[in-house]
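Notes follow once the structure below has been shown.
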Amino acid sequence: MKLPNGFENLRRCDCSICRRKGAIVGSVLLDNLTILKGAEFLSEYRFNTMQARHFFCSKCGIYTHHQRRSVPEEFGYNTGCIEEFNPADYGKIPTMDGKNHPKDR
């Protein structure tokens, strides 16, 4: 993954799926995320409007990334999948209002 500006747009979300995942998510343009190994183990899940594409490992079950519904030209990625990410280095991470998604208005 290419993070030209480092970890940015960090957030949590309170929608029904994200609340259960509990992941801290960052964003990256679609072209900046490349699966180097393990792509054959990724499974896709879509729910509700079926627009966002959520990916997870079919072996361990961890959520890895998703193609965003609100910004389809970006992937949201699970910072917990990146060894060098330490949430303590980023202070308070905001929670987005996913219960009231802007595309639902």
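The values are calculated or read from the model by the stated rules, or taken from the named source; none is laboratory data. Values in this document were obtained by computation on a predicted structure and should not be read as measured data. For neighbour counting, all protein chains shown are included, and Cβ atoms are generated from backbone atoms with ideal geometry for every residue, glycine included.
So the values come out like this:
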quantity: Members of the range 34-69 that are in contact with a strand residue (DSSP E or B) (Cβ under 9 Å, 6 or more places away or on another chain), surrounded by fewer than 17 Cβ atoms within 10 Å (Cβ to Cβ) and not in a strand (DSSP E or B); calculated: I35, G38, F41, R46, F47, Q51, S58, I62
quantity: Exclusive hit being buried (at least 16 other Cβ atoms within 10 Å of the Cβ), at pLDDT 90 or above and assigned to a helix (DSSP H, G or I), set G76, G80; calculated: G80
quantity: Scope the range 4-53; condition in contact (Cβ under 8 Å) with a residue 24 or more places away in the chain, hydrophobic (A, V, I, L, M, F, W, C) and within 13 Å of C81 (Cβ to Cβ); matching residues; calculated: F7, A23, I24, V25, V28, L33
quantity: Residues within the range 7-33 that are surrounded by fewer than 11 Cβ atoms within 10 Å (Cβ to Cβ) and either at pLDDT below 85 or over 24 Å from G98 (Cα atoms) (or both), tallied; calculated: 1
quantity: Residues satisfying the stated conditions in the range 1-49, i.e. among the aromatic types (F, W, Y) and out of contact with any helix residue (DSSP H, G or I) (no Cβ under 7 Å at 6 or more places or on another chain); calculated: F41, Y45
quantity: Every residue from the range 83-102 that is free of Cβ contacts under 8 Å to residues at least 40 places away in the same chain and not in a loop (DSSP other than H, G, I, E, B); calculated: A88, D89, N100, P102
quantity: Within the range 57-82, tally of residues that are under 20 Å from L29 (Cα atoms) and either touching a residue at least 60 places away in the same chain (Cβ under 8 Å) or of a type outside the set (K, R) (or both); calculated: 18
quantity: In the range 39-55, the residues that are in contact with a His (Cβ under 6 Å, 6 or more places away or on another chain) and modelled with pLDDT of 95 or more; calculated: F55
